[in-house]
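Undergrad: Encoded as structure tokens, here's the structure I'll be asking about.
The values are calculated or read from the model by the stated rules, or taken from the named source; none is laboratory data. Worth saying up front: this structure is predicted, and the values here are computed from it rather than measured. Here the Cβ positions follow ideal geometry from the backbone for every residue, glycine too, while neighbour counts run over all protein chains shown. What goes into the accessible areas is simple: the full protein's heavy atoms, side chains included, and nothing from ligands, DNA or RNA. Shrake-Rupley method; radii C 1.70, N 1.55, O 1.52, S 1.80 Å.
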Amino acid sequence: MNVKVIVRGKAQGSLLVAKNPINFLGGIDKKTGLVHDKKHDLFGKSIGNKIFAFPFGVGSSVGAYTLYSLKYNNCAPLAIICLKADLTTASGCAISNIPLVVVDKNDYDLLHENNQVTLDAIEGKIL
Amino acid sequence: MELTKEEEDALDGKQGETLALAYRTLVAIGEASNADKLIPIEWAHLSGVNYNTIGDAGKEFLSSISKDARFKVKTTVNPMGFDFDSVSQYKLDDKFIENQRSIKDSYEKMGAIPSYSCIPYEIFDIPKQGTHVSFAESNAAIYANSFSGLKTNKEGAFSALASALTGKSPYSDLRDDDVRKPNLTIRMKVEPRDELTYGMLGYFAGKVAGSSVAISGVSNLDRRSCKSLCAGMGTSGACGMFTFGEEEGEKIDFDKNEMQKIHDELNTSEKGDLITLGSPQLGIEEISDLTLMLKGRSFQKRCMIFCPSAIKGQIRDLGYANEIERAGGELLFDCCTCLSPLVDNKEVDSVVTNSVKGAYYLKTSNKVDVNLKSLKRIVEEETK
């Protein structure tokens, strides 16, 4: 599928797909990468070393620093796929050098947990 | 986005990792906001200075990039959490002071002017009309667009920082003259008026407007009301500028009812244990006004007054500082009401202020109640 590139890079790995938006400041443990928001559909799962798809980010822009901490603690996602690029996720991926792409709703619905994918966020493709 | 060869090289890391990071940030924000290119800016004003806003991760990030990064354009910075000159008089834990010092050192090492002020438009010379700048502080971005003849988006901490490091910004939103033209007019219908009514007008406008809004029925605003209007607008939404007068398109009235709703939202107490003045910080004109209003009177409770240190010498030389301190006011520099660690909810339950922006952050961050009233009423009711 074709994607819009927000932060360039390449990644290969298995998918983790969220139904709910992500609040990086309140919802993710920055030391472990575990989703610790009890109301989130991925509660208890780790976003570390996955290609992480979620609709968009919500909450404080300081959440960008959570992505930076995750990278520093070796538990950041390999790449991120969103439906809409909010400024917190875009800034967080940029400062942490995590590839970020945007896909449309039809393509997002084709993403399933544990699928192996290759993301080329230079050419703008997911294989 | 179309990048020049030089920008592509920097993005690819040919000028080091920190510049690559800065260009990645500008391109990411540009792609997310449908910009087609980067343009030069002359001045960056950064938020994310108070340790209470960026925490340990922010502190570590700034410490790391400041090892080799240097700002390319004039760069000024927002207030910190406290005033280093008077911090020993407040009960603040050493850890906070140490962390704040690290953030201060990182910004200054990269070449920031140590302004620690949210009113850069009032203490620095303004570049010529139409100049592009990158202001992250919301009240300053709105003031720059609406009163100073400058062009900026309502930048975030990261976009302004990346602008400071590169001297560039994505060409999108309010940098485009077509977007600057408002398609919604708010008709000011409230009488009588003071800085508090203008603050609530701004807060209302921020909630209903897009990038730009027109305001009709308003003229001859004094500095206090201008700042209050900008700060209120910056607090409640994404709107980054306003013009005066009626425009074509939709019109909405700001009347007594609408104002009452906002007052009910922000005013949660009929009294306060402490008074704070200054969000945005008070400049020389407001300090002069306050001194006149306080003639022969004294505060009946603690009153913290926040100013930029740029005016410190002047208000001492002119005798304003003496008069305010005689009246029991505490002058604090380099910091501000918003996210101040000096307002501790273990010690105070409620705070009196005339600032809509201050009220919002006192409630949401400091978790204290707020008694919101105009400066005139504060002087009448809280001094003798």
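Undergrad: Are there any GluC sites (Glu not before Pro) in region B:222-280 that are in a DSSP loop and have at most 16 other Cβ atoms within 10 Å? List them by number.
TA: On the way: sites: B:Glu246, B:Glu247, B:Glu248, B:Glu250, B:Glu258, B:Glu265, B:Glu270; in loops: B:Glu246, B:Glu247, B:Glu248, B:Glu270.
In loop regions of region B:222-280 (DSSP not H, G, I, E or B), the sparsely surrounded GluC sites (Glu not before Pro) are B:Glu246, B:Glu248, B:Glu270.
Undergrad: Ratio of chain A's C-alpha Rg to 2.2 N^0.38 Å, to two decimals? Don't skip to the end; give the middle numbers.
TA: Values: Rg = 12.7 Å, N = 127, 2.2 N^0.38 = 13.9 Å.
For chain A, the normalised Cα radius of gyration is 0.92.
Undergrad: Classify region A:55-96 from the C-alpha gyration tensor, please: rounded if a/c falls under 1.5, else prolate or oblate depending on whether a/b exceeds b/c. All intermediate terms of the calculation are to be shown ahead of the outcome.
TA: On the way: a/c = 2.12, a/b = 1.36, b/c = 1.55.
The shape class here is oblate.
Undergrad: Then there is this: What three numbers, in Å, describe the spread of the alpha carbons of region B:196-308 along their principal axes, ordered from the longest?
TA: Taking max minus min along each principal axis of the Cα atoms, region B:196-308 gives 50, 30, 22 Å.
Undergrad: A further question on this structure: If you take the charge dipole of region A:56-127 about its Cα centre, with +1 on Lys and Arg Cβ and -1 on Asp and Glu Cβ, which of A:Leu127, A:Leu100, A:Leu111 is farthest toward its positive end?
TA: A:Leu100
Undergrad: Same structure, new question: When a/c is below 1.5 the answer is rounded, else prolate if a/b is larger than b/c, else oblate, so apply that to chain B with a ≥ b ≥ c taken from the square roots of the Cα gyration tensor eigenvalues.
TA: Details: a/c = 1.95, a/b = 1.25, b/c = 1.56.
Taking the square roots of the gyration eigenvalues as a ≥ b ≥ c, chain B is oblate.
Undergrad: Let me ask you something else. In deg cm²/dmol and to the nearest 500, what is the mean residue ellipticity at 222 nm of the protein assembly as shown if only DSSP H runs of at least 4 residues count, each as -39500 (n - 2.57), divided by the residue total? Write down the numbers at each step before the final one.
TA: Numbers: 20 runs with 187 residues, N = 511.
That calculation yields -10500 deg cm²/dmol at 222 nm.
Undergrad: Would you mind checking A:Lys71/B:Lys104; B:Lys207/B:Lys256; B:Lys109/B:Lys151; B:Lys91/B:Lys346 for any pair whose Cα atoms are more than 20 angstrom apart? Walk me through the intermediate numbers first.
TA: On the way: A:Lys71/B:Lys104 24 Å; B:Lys207/B:Lys256 17 Å; B:Lys109/B:Lys151 27 Å; B:Lys91/B:Lys346 12 Å.
As for pairs spanning more than 20 Å Cα to Cα, those are A:Lys71/B:Lys104; B:Lys109/B:Lys151.
Undergrad: Rounded to the nearest 20 debye, what is the charge dipole size of chain A about its Cα centre when +1 sits on each Lys and Arg Cβ and -1 on each Asp and Glu Cβ? Could you put the intermediate results ahead of the total?
TA: Details: 14 positive and 10 negative charges, 54 e Å.
With only Lys, Arg, Asp and Glu charged at Cβ, the dipole is about 260 debye.
Undergrad: Separate question: Label region B:45-130 by shape, choosing from rounded, prolate and oblate, from the square roots a ≥ b ≥ c of the eigenvalues of the Cα gyration tensor; if a/c is under 1.5 it is rounded, and otherwise prolate applies when a/b is larger than b/c, oblate when it is not. Walk me through the numbers before you get to the answer.
TA: Values: a/c = 2.44, a/b = 1.37, b/c = 1.78.
In terms of gyration-tensor shape, oblate.
Undergrad: Follow-up. On a 1.4 Å probe surface of the protein chains, which of B:Leu221, B:Leu292, B:Leu274 comes out largest in accessible area, and what is the full order?
TA: Working: B:Leu221 35, B:Leu292 120, B:Leu274 5 Å².
From most exposed to least exposed: B:Leu292, B:Leu221, B:Leu274.
Undergrad: Oh, and also: Can you give the longest stretch of chain A with no exposed loop site, where a site means trypsin sites (Lys or Arg not before Pro) in a DSSP loop (not H, G, I, E or B) with at most 16 other C-beta atoms within 10 Å? Before the final figure, lay out the partial values.
TA: On the way: sites that count: A:Lys19, A:Lys31, A:Lys38, A:Lys39, A:Lys45, A:Lys84.
Result, exposed sites excluded: A:85-127.
Undergrad: If you average 1/r across every pair of different Cα atoms in region B:74-217 and take the reciprocal, what Kirkwood value do you get, in Å? Please list the in-between numbers first.
TA: Numbers: mean 1/r = 0.0574 Å⁻¹.
Kirkwood radius, region B:74-217: 17.4 Å.
Undergrad: Using DSSP to define loop residues, name the chymotrypsin sites (Phe, Trp or Tyr not before Pro) in region A:1-85 whose beta-carbon has at most 16 other beta-carbon atoms within 10 Å.
TA: Details: sites: A:Phe24, A:Phe43, A:Phe52, A:Phe56, A:Tyr65, A:Tyr68, A:Tyr72; in loops: A:Phe43, A:Phe56.
Passing both the DSSP loop test and the Cβ count: A:Phe43, A:Phe56.
Undergrad: Could you point to the residue in B:Leu266, B:Ile324, B:Asn354 farthest towards the positive end of region B:239-381's charge dipole, with +1 and -1 charges on the Cβ of Lys/Arg and Asp/Glu respectively?
TA: Checked the options; the winner is B:Ile324.
Undergrad: Same structure again: Going from the alpha-carbon gyration tensor of region B:271-370, what semi-axes, largest first and in whole Å, does one get by taking the root of 5 times each eigenvalue? Don't skip to the end; give the middle numbers.
TA: On the way: eigenvalues 107, 43, 22 Å².
One finds semi-axes of 23, 15, 10 Å for region B:271-370.
Undergrad: Treating the protein assembly as shown as a set of equal point scatterers at the Cα positions, no solvent, please give the Debye-formula log₁₀ I(q)/I(0) at q = 0.08 Å⁻¹.
TA: Those come out to -0.51, one per q.
Undergrad: Can you compute the charge dipole magnitude of chain B about its Cα centre, using +1 on each Lys and Arg Cβ and -1 on each Asp and Glu Cβ, nothing else charged? Give it in debye, rounded to the nearest 20. Can you show the working numbers first?
TA: Numbers: 47 positive and 58 negative charges, 114 e Å.
That gives a dipole near 540 debye.
Undergrad: Taking a temperature of 10 °C and a viscosity of 1.306 mPa s, what whole-number D in µm²/s does Stokes-Einstein yield for region B:288-335 with Rh from Kirkwood over alpha carbon pairs?
TA: On the way: Rh = 10.8 Å.
My calculation gives 146 µm²/s for D.
Undergrad: Cα centroids of region B:137-157 and region A:5-80: how far apart, whole angstrom?
TA: Their Cα centres are 31 Å away from one another.
Undergrad: Below 8 Å between Cα atoms, with a sequence gap of 6+, how large is the relative contact order for chain B in percent? Please list the in-between numbers first.
TA: On the way: 847 pairs, mean separation 65.3, N = 384.
So the answer I get is 17 percent.
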